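Visitor: Next up is a structure, given as structure tokens.
None of the figures in this text is laboratory data; all of them are computed from the coordinates on show. Fair warning: this is a prediction, and the values are worked out from it, not measured in the lab. All Cβ positions, glycine included, derive from the backbone under ideal geometry; neighbour counts span all protein chains shown.
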């Protein structure tokens, strides 16, 4: 249930970096194949869009426009080439295999 807020590290009387220990253990667990389906789903979104929580709802784009902002923020949402670069890195590092991502879309060399 760790949110990586660092409060436990701040409060630890022995000055142990508890947050880093938890992150290390999480990484080991993932490498061993232990990952919640919800986390895999978020990872799949990241692979597909470059964002774990993408703006894929027209209401958000409309709300941004109503506020005088561009419909998409200046992130990979606005830069399709950046999404391809992220997908390339993900593939090179094997993250796609780690999260069980199957490339069944027309992504080409994503």
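Visitor: Please report the relative contact order for the chain, taking Cα pairs under 8 Å with a sequence separation of at least 6, and give it as a percent rounded to a whole number.
Guide: Reported relative contact order: 20 percent.
Visitor: If you fit an axis through the alpha-carbon atoms of helix 80-93 and take the longest principal axis of the Cα set of the chain, what angle between them do you get, 0 to 90°, nearest 10?
Guide: That works out to roughly 40 degrees.
Visitor: On to the next question. What is the Cα coordinate range of the chain on the first, second and third principal axes, sorted by size from largest, in whole angstrom?
Guide: Cα spread of the chain along its principal axes, largest to smallest: 49, 36, 22 Å.
Visitor: Taking Cα atoms, how many degrees apart are the long axis of helix 18-31 and the longest axis of the chain, rounded to 10 and kept between 0 and 90?
Guide: Tilt of helix 18-31: around 70 degrees.
Visitor: Which FRET efficiency value, to the nearest 0.05, do you get for residue 97 and residue 66 by plugging their Cβ-Cβ distance into 1/(1 + (r/R0)^6) with R0 = 35 Å?
Guide: The pair residue 97/residue 66 has a calculated efficiency of 0.25.
Visitor: Ranking 7, 19 by Cβ neighbours within 10 Å, fewest first, what do you get?
Guide: So the ranking, lowest neighbour count to highest, is 7, 19.
Visitor: Let me ask something else about it. So how tilted is helix 37-49 from the main axis of the chain? Cα-based, degrees 0 to 90, rounded to 10.
Guide: On a 0 to 90 degree scale, this one is about 40.
Visitor: Using just the helices of the chain, give the 222 nm mean residue ellipticity in deg cm²/dmol: DSSP H runs with n ≥ 4 each add -39,500 (n - 2.57), and the total is spread over all residues, rounded to 500.
Guide: Here the helix-only value at 222 nm equals -15500 deg cm²/dmol.
Visitor: Ok, one more. At a 10 Å Cβ-Cβ cut-off, how would you order 58, 48, 103, fewest neighbours first?
Guide: Ascending number of Cβ neighbours within 10 Å: 58, 103, 48.
Visitor: Efficiency by 1/(1 + (r/R0)^6): what FRET value for residue 82 and residue 4, r their Cβ-Cβ distance, R0 = 30 Å, to the nearest 0.05?
Guide: 0.75
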